[in-house]
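Visitor: Okay, handing you the structure first.
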Amino acid sequence: MMSGMGELWNSIYDKPKQVVGADISPKMNKKATSNSNKYDFPIEVVEQNILENELDDESFDFVISSFGLKTFNTDQLRQLSKEVARILKTGGVFSFVEISKPKSIFKIPFLFYLKIIIPIIGWMFMRNDNSYRFLGTYCSEFENCSKFKSFLEDEGLEVDFHSFFFGCATGVSGLKK
Ligand SMILES: C[S@@+](CC[C@H](N)C(=O)[O-])C[C@H]1O[C@@H](n2cnc3c(N)ncnc32)[C@H](O)[C@@H]1O
C-alpha cells in the first residue's frame, strides 16, 4: 500500500508468487513499474486510491507499507484500517511504519531536522524544498501509529505497536485471526 517507487520490494526475501504495489500517483507508479524489472518475482503496479480501492476481498497474505500514513487524517486512517481488514486473507499479516513525533527529548532535534534541515537539503540537491516542506507538519499532526493501532483493533485485527529510534518512527504489525 502507498508503494511509491517500490522502495519496500528489496526487503522481500521469500520469492512471492505475486506482489501488487498500489499507489495513487501515476508518476510514482511509472517509476515503480520501471523499478519492478529488477526483481525476479512478478510485480503488478496498480493506480488506486487505497481508501476506495478495487482490490478483492480476502485476497492478500501480506499487506506492507512504509511512510504512507502521515498525510492521512483520522477518518482516513479509520477507512484504511477497514481496507486492511477487508483485503487480508484469514491468517494474513500486515506491517506499517511511519515517521513519528518522539515523546522523549528527541522531539526537538527531530522536528528541527524534519522542518528545517530536510527542506534545506531538498533545496540544495534538487532545487526543490516543496516536496519536503510539510514533512515536519505532517509528522506533528500524525504523532505516531497508536491511533491507527486502535482502528485496526476495532476491525478485529491482532496488533502490536513498535517504537523505533526513541520514537522517531513507530509501526504496527499484526494478524487477521
Ligand atoms: C512518502 S511516500 C512513501 C513511498 C514508499 N512507500 C517509501 O517507503 O518510500 C507516500 C506515498 O503514498 C502515496 N499515497 C498517498 N495517498 C494515497 C492514497 N490515498 N492511496 C494510495 N497511495 C497514496 C503517495 O502517492 C506516495 O507515493
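Visitor: Between LYS177 and GLN76, what is the FRET efficiency for a Förster distance of 25 Å, r being their Cβ-Cβ separation, to the nearest 0.05?
Guide: FRET efficiency, LYS177 to GLN76: 0.50.
Visitor: Would you mind getting me the FRET efficiency between GLU58 and PHE164? Use the beta-carbon distance for r and R0 = 45 Å, nearest 0.05.
Guide: For R0 = 45 Å, the calculated efficiency reads 0.90.
Visitor: If the reach is capped at under 16 angstrom between alpha carbons, list the aspartates and glutamates near LYS15, excluding any in the same chain fewer than eight residues apart.
Guide: ASP40, GLU44, ASP61
Visitor: Give the average over all directions of the projected area of the C-alpha convex hull of the chain, one decimal, in nm².
Guide: The number I arrive at for the chain is 10.4 nm².
Visitor: Leaving ligands and nucleic acids out of the surface, order LEU175, LEU152 by accessible area at 1.4 Å, largest first.
Guide: Of LEU175, LEU152, the descending order of accessible area is LEU175, LEU152.
Visitor: Additional query: Cα centroids of region 105-143 and region 1-41: how far apart, whole angstrom?
Guide: Each part's Cα centre sits 26 Å from the other's.
Visitor: Skip the ligands, DNA and RNA, and give the accessible area per residue of the chain with a 1.4 Å probe, whole Å².
Guide: About 59 Å² of surface per residue is accessible.
Visitor: A follow-up question, please. By how many nm would the segment from LYS30 to PHE125 lengthen if fully extended, with 0.36 nm per residue of separation less the alpha-carbon distance?
Guide: Contour length minus Cα-Cα distance gives 32.0 nm.
Visitor: Could you order LYS177, LYS103 by accessible surface area, starting with the largest, using a probe radius of 1.4 Å?
Guide: LYS103, LYS177
Visitor: What distance in nm separates the two pseudo spin-label positions at PHE67 and LYS89, each 7 Å out from Cα along the beta-carbon direction?
Guide: In this crude spin-label approximation the distance works out to 3.1 nm.
Visitor: Evaluate E = 1/(1 + (r/R0)^6) for SER104 and LEU51, where r is the Cβ-Cβ distance and R0 equals 30 Å; express this FRET efficiency to the nearest 0.05.
Guide: Given R0 = 30 Å and the Cβ-Cβ separation, E is 0.40.
Visitor: By average Cβ neighbour count within 10 Å, what is the ranking of 27-38, 51-62, 84-95 from highest down?
Guide: Top of the packing list down: 84-95, 27-38, 51-62.
Visitor: With +1 assigned to the C-beta of every Lys and Arg and -1 to the C-beta of every Asp and Glu, and no other charges, what is the dipole magnitude of the chain about the Cα centre in debye, to the nearest 20?
Guide: Computed about the Cα centre, the dipole is about 740 debye.
Visitor: In the structure displayed, which of LYS31/LYS107; LYS82/LYS147; LYS31/LYS147 lie more than 25 Å apart, Cα to Cα?
Guide: LYS31/LYS107; LYS31/LYS147
Visitor: Could you tell me what percent of the accessible area of the chain is made up of carbon and sulfur, with a 1.4 Å probe and every protein chain present?
Guide: 56
Visitor: Could you please put GLU143, GLU98 in sequence from largest to smallest accessible area, using a 1.4 Å probe?
Guide: GLU143, GLU98
The values are calculated or read from the model by the stated rules, or taken from the named source; none is laboratory data. Keep in mind it's a predicted model, so treat the numbers as computed, not measured. Glycine also receives a Cβ, built like all others from the backbone with ideal geometry; neighbour counts cover every protein chain displayed. Calculation scope for accessible area: heavy atoms of the full protein, side chains included, ligands and nucleic acids excluded. Shrake-Rupley method; radii C 1.70, N 1.55, O 1.52, S 1.80 Å.
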